[in-house]
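Below is one structure, written out as structure tokens; comments come after it.
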Amino acid sequence: MVAAGDALLSPTVTRRLLADMAKTASTPELAAQLGTLTDRETEVLREWPRSQQRRVGRAPCRGRSTVKTHVSRVLMKLGLRDRVQAVAFAYESGLIQPGGD
């Protein structure tokens, strides 16, 4: 993962980080940013942490290239540099909760 340019965090650190972030209330600014996404982009962002792109792409009517397009648009619209920031944004905005379905 590191060789591919991805960050590597232990599962324990990741769980603590997400729990701390979830305690932070969503701000109107985050809600406004979330409102810039289409329904599909919001759905992809919501599924992101649980299923990763390869599984999100298995949903009906969504091919891998379609999911990649949504991912790119989400990152661009929210001004995020990578998928890790997108997951953090999803938690911070209240779109998803740790341990939620």
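The values are calculated or read from the model by the stated rules, or taken from the named source; none is laboratory data. The shown structure was predicted, so the numbers you read here are calculated from the model rather than taken from an experiment. Here the Cβ is made from the backbone with ideal geometry for all residues, glycine too, and neighbour counts use every protein chain on show.
General observations
- Boolean, Thr36 is at pLDDT 85 or above, farther than 21 Å from Gln97 by Cβ, assigned to a helix (DSSP H, G or I) and among the hydroxyl-bearing types (Ser, Thr, Tyr): no
- Close contacts from region 25-48, counting a first residue that is farther than 14 Å from Leu78 by Cα and free of Cβ contacts under 8 Å to residues at least 40 places away in the same chain and a second that is acidic (Asp, Glu) and part of a helix (DSSP H, G or I), with Cβ to Cβ under 9 Å and a gap of 6+ residues or different chains, come to Thr27/Glu92.
- Failed condition for Asp20, given (1) surrounded by fewer than 16 Cβ atoms within 10 Å (Cβ to Cβ); (2) at pLDDT below 80; (3) within 23 Å of Ala4 (Cβ to Cβ): (3)
- When residues of region 45-99 are limited to those that are more than 20 Å from Leu8 (Cα to Cα), surrounded by fewer than 14 Cβ atoms within 10 Å (Cβ to Cβ) and not small (Gly, Ala, Ser), the one modelled with the highest pLDDT: Met76
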